[in-house]
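In what follows, a structure is listed as structure tokens, so that the remarks can point back to it.
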Amino acid sequence: MTSSTKSRVRVRAAAMLAATAMLAGCNAGAGTGTNTEGGTDPDAGSATSGGATGASDETVRIGLVAEPASLDFTTTDGAAIPQLLLDNVYETLVTVDMASGDIVGALAEEWEVSDDRLTYTFHLKDGVTFSDGAEFTAEDAKFSLERVKSDAWTTSLKAQLDVIDTVEAPDASTVVVTLAQPSNRFLYALTTRVGAMFDTEGTDNLAEDAIGTGPYLFKDWQRGSMITLERNPDYHGEAPHFAGVEMHYFKDANALNNAMLTDAIDVVSTVQAPESLVEFEGGDYQIVEGTTNGEVVLSMNQSEGAPLSDLKLRQAVRHAIDHQTLMDTCWAGRGTLIGTMAPPTDPWYEDRTGDYPFDLDKAKALVAEAGGEGTALRLRIPTLPYAVSCGTVVESMLEEAGFDVTVDELEFPSAWLETVFTNKDFDMSIVAHVEPRDMANVFGNPEYYTTYGTPEIQELFEAADTGTEEEQVAKMKEAGALISEDAAADFLFLLPNLMVADPDITGLPENAIKESFDLAELGRG
């Protein structure tokens with residue numbers, strides 16, 4: 001291959017790095033997904049082996065929270081949409097293998113990367129069709145990638161593909177992508193929603209219909225209740241075990257649990273009341289416990305004129321929170337204290353819980369130094385179980401430090417996305433950012449709702465993306481340290497992956513560290 005370096009079907013994700021992507025990342029409890037790019041946990045994978053065990057006529061019923069606001073993740077933020085559609089209805093050129101953490105071929109069987117790291121040549125799989133019957137070709141891939149860079153995509157995640165200079169389709173089965181500069185995160189970005197492949201004639205009604213190449217087809221949406229998928233009879237790969245999937249959405253954690261206890265569903269995809277796990281222990285259920293990408297972030301609006309634009313007050317907030325007590329109180333002690341915007345499965349993770357240890361006296365002193373006694377703070381949280389449970393604990397702890405905190409619960413997703421994410425009408429909020437490797441997306445853009453994105457942090461992210469693998473890890477660690485030291489936000493804890501299922505359901509992910517819930521992996525053994 002002349003001057004190209006053969007990357008073939010496997011490229012170690014840890015080597016591909018990616019400070020990629022989040023979005024208004026807010027999936028109720030992150031409880032579904034897969035392994036993130038690179039630096040993945042070598043033990044990540046399915047808690048129950050087997051995956052699809054031959055096609056059946058059965059429908060599997062899955063309980064979730066945080067129903068999507070739309071089916072269109074190109075214009076609508078929120079992690080619930082790719083959780084449902086990515087890898088199931090829409091596929092990507094490359095994906096992340098759950099068990100190994102490698103980036104592997106999906107719609108592209110293999111690819112090459114040029115020695116200068118600027119040109120990626122993808123060779124597409126033969127015999128792939130969309131659910132409308134159209135053949136998947138290089139023109140569709142070119143259309144999909146260029147569309148991300150157009151005005152058709154409006155979510156902030158589209159910036160991940162800004163590095164693309166040109167996309168060419170020299171023949172029906174070859175796509176050549178040329179980058180404007182080397183990018184460590186580019187290939188991994190293609191495994192996320194921005195890498196989804198669309199039919200050139202299939203994007204007219206993305207909010208209500210989904211035309212993809214995946215193992216399942218979108219069938220029906222009973223809003224406020226359930227979304228139904230059905231097996232794709234023309235799928236190019238191995239047929240999934242279940243003929244249908246019913247995604248049942250519950251706003252109340254107890255209702256979700258009761259549905260499992262009364263055999264109304266087969267899987268609780270993400271337990272939203274961890275203290276309730278005792279109800280399932282010793283019974284005829286399997287309990288899966290692992291980790292996620294879901295950093296529960298206490299964001300602080302640093303816009304000019306906002307109370308928390310004052311560094312000392314942000315530092316006071318961080319010192320005022322007893323994170324272990326908070327996690328014990330609001331999430332039954334389940335989770336991991338990390339103190340940073342990177343989970344331990346990322347190669348640049350560093351435990352930064354020591355940056356702002358709980359010190360109420362120090363918090364009070366900082367409030368006094370800033371002349372901030374009685375400062376009013378609006379803590380505007382989404383109506384998601386972890387946010388509601390933790391919100392009252394945060395309120396109490398901050399008031400002990402001298403703040404006057406008002407908690408507002410905003411319906412999720414629509415009200416929270418409009419008020420907090422879009423309009424930035426808040427002082428603090430709590431949301432789990434579940435997208436993989438999302439540090440740069442969450443803290444690298446001053447226009448993002450977190451309002452940070454300083455020139456210094458942007459330079460670090462740029463250097464991390466364009467440098468060597470070693471430089472990327474080093475620069476990302478520097479970025480994580482700077483974000484923490486600047487008290488750009490507080491990191492309450494990392495959500496656990498807690499699932500409950502019928503004892504014979506197979507293919508459940510132990511670690512939920514990818515955007516999608518790969519339904520084709522599920523089976524019944």
- prompt: Which pairs do you get when a residue that is closer than 19 Å to Glu469 by Cβ, found in the stretch 334-356, comes within reach of a residue that is open to solvent by 60 Å² or more (accessible area, probe 1.4 Å), reach meaning Cβ atoms under 6 angstrom, with the pair 6+ apart or on two chains?
  reply: Trp348/Lys477; Glu350/Lys477
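Taking the stretch 244-279 only, how many residues are among the acidic types (Asp, Glu) and assigned to a loop (DSSP other than H, G, I, E, B)?
3
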- line: Going through the stretch 66-104 in order, the residues found to be farther than 17 Å from Asp518 by Cα, under 15 Å from the mean Cα position of the chain (by Cα) and of a type in the set (A, V, I, L, M) are Ala66
- line: The strands (runs of 3 or more DSSP E) lying wholly within the stretch 75-143 that contain at least 3 residues that are over 17 Å from Thr178 (Cα atoms) and either at pLDDT 95 or above or of a type in the set (A, V, I, L, M, F, W, C) (or both) are 103-105
field: Flag for Ala169 being assigned to a strand (DSSP E or B), over 17 Å from the mean Cα position of the chain (by Cα) and small (Gly, Ala, Ser)
entry: yes
- prompt: How many of the residues making up the stretch 128-147 are in contact with a Gly (Cβ under 9 Å, 6 or more places away or on another chain) and without any contact (Cβ under 8 Å) to a residue 60 or more places away in the chain?
  reply: 3
field: helices (runs of 4 or more DSSP H) lying entirely in the stretch 411-525 (those with 2 or more residues that are over 18 Å from the mean Cα position of the chain (by Cα))
entry: 455-466, 469-485
message: Would you confirm, using the coordinates I've provided, whether Ala474 is open to solvent by less than 20 Å² (accessible area, probe 1.4 Å) and either hydrophobic (A, V, I, L, M, F, W, C) or touching a Ser or Thr at 6+ places or on another chain (Cβ under 8 Å) (or both)?
response: no
task: Could you list, in sequence order, all residues of the stretch 319-341 that are in contact with a Gly (Cβ under 9 Å, 6 or more places away or on another chain) and farther than 19 Å from Tyr386 by Cβ?
output: Ala320
- prompt: In the stretch 225-252, what residues are aliphatic (A, V, I, L, M) and either farther than 20 Å from Ser56 by Cα or crowded, with 22+ Cβ neighbours inside 10 Å (or both)?
  reply: Met226, Ile227, Leu229, Val245, Met247
field: Pick from the stretch 173-210, criterion among the small types (Gly, Ala, Ser) and more than 23 Å from Glu435 (Cα to Cα), ranking: least open to solvent (accessible area, probe 1.4 Å)
entry: Gly202
field: Index of the failed condition, Gly372 passing every other in (1) over 21 Å from the mean Cα position of the chain (by Cα); (2) of a type in the set (Gly, Ala, Ser); (3) surrounded by fewer than 19 Cβ atoms within 10 Å (Cβ to Cβ)
entry: (3)
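Rundown of residues vs (1) aliphatic (A, V, I, L, M); (2) under 30 Å from Val317 (Cα atoms); (3) out of contact with any Leu (no Cβ under 7 Å at 6 or more places or on another chain); (4) open to solvent by 10 Å² or more (accessible area, probe 1.4 Å), yes/no style:
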| site | (1), (2), (3), (4) |
| --- | --- |
| Ile457 | yes, yes, no, no |
| Thr468 | no, no, yes, yes |
| Glu478 | no, yes, no, yes |
| Met499 | yes, no, no, no |
| Glu510 | no, no, yes, yes |
query: Just one of Ala21, Ala69 is part of a loop (DSSP other than H, G, I, E, B) and either modelled with pLDDT under 50 or within 18 Å of Gly507 (Cβ to Cβ) (or both); which is it?
result: Ala21
message: Whether any residue in the stretch 507-515 is at pLDDT 95 or above and closer than 30 Å to Ile265 by Cβ is what I want to check.
response: yes
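Yes/no matrix, rows are residues, columns are (1) buried (at least 23 other Cβ atoms within 10 Å of the Cβ); (2) under 30 Å from Met98 (Cα atoms):
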{"position": "Val268", "(1), (2)": "yes, yes"}
{"position": "Ala273", "(1), (2)": "no, yes"}
{"position": "Phe280", "(1), (2)": "no, yes"}
{"position": "Thr292", "(1), (2)": "yes, yes"}
{"position": "Glu304", "(1), (2)": "no, no"}
{"position": "Leu311", "(1), (2)": "no, no"}
{"position": "Arg318", "(1), (2)": "yes, no"}
- prompt: Given the conditions (1) more than 21 Å from the chain's Cα centre (by Cα); (2) open to solvent by 40 Å² or more (accessible area, probe 1.4 Å); (3) hydrophobic (A, V, I, L, M, F, W, C), and given that Val405 satisfies all but one, which numbered condition is not satisfied?
  reply: (2)
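The values are calculated or read from the model by the stated rules, or taken from the named source; none is laboratory data. As the structure is a prediction and not an experimental result, all values here were calculated from the model. As a convention, Cβ positions derive from the backbone with ideal geometry for all residues, glycine included, and neighbour counts pool all protein chains shown. Side chains are part of the model used for accessible areas, which takes the heavy atoms of the whole protein and leaves out ligands, DNA and RNA. Shrake-Rupley method; radii C 1.70, N 1.55, O 1.52, S 1.80 Å.
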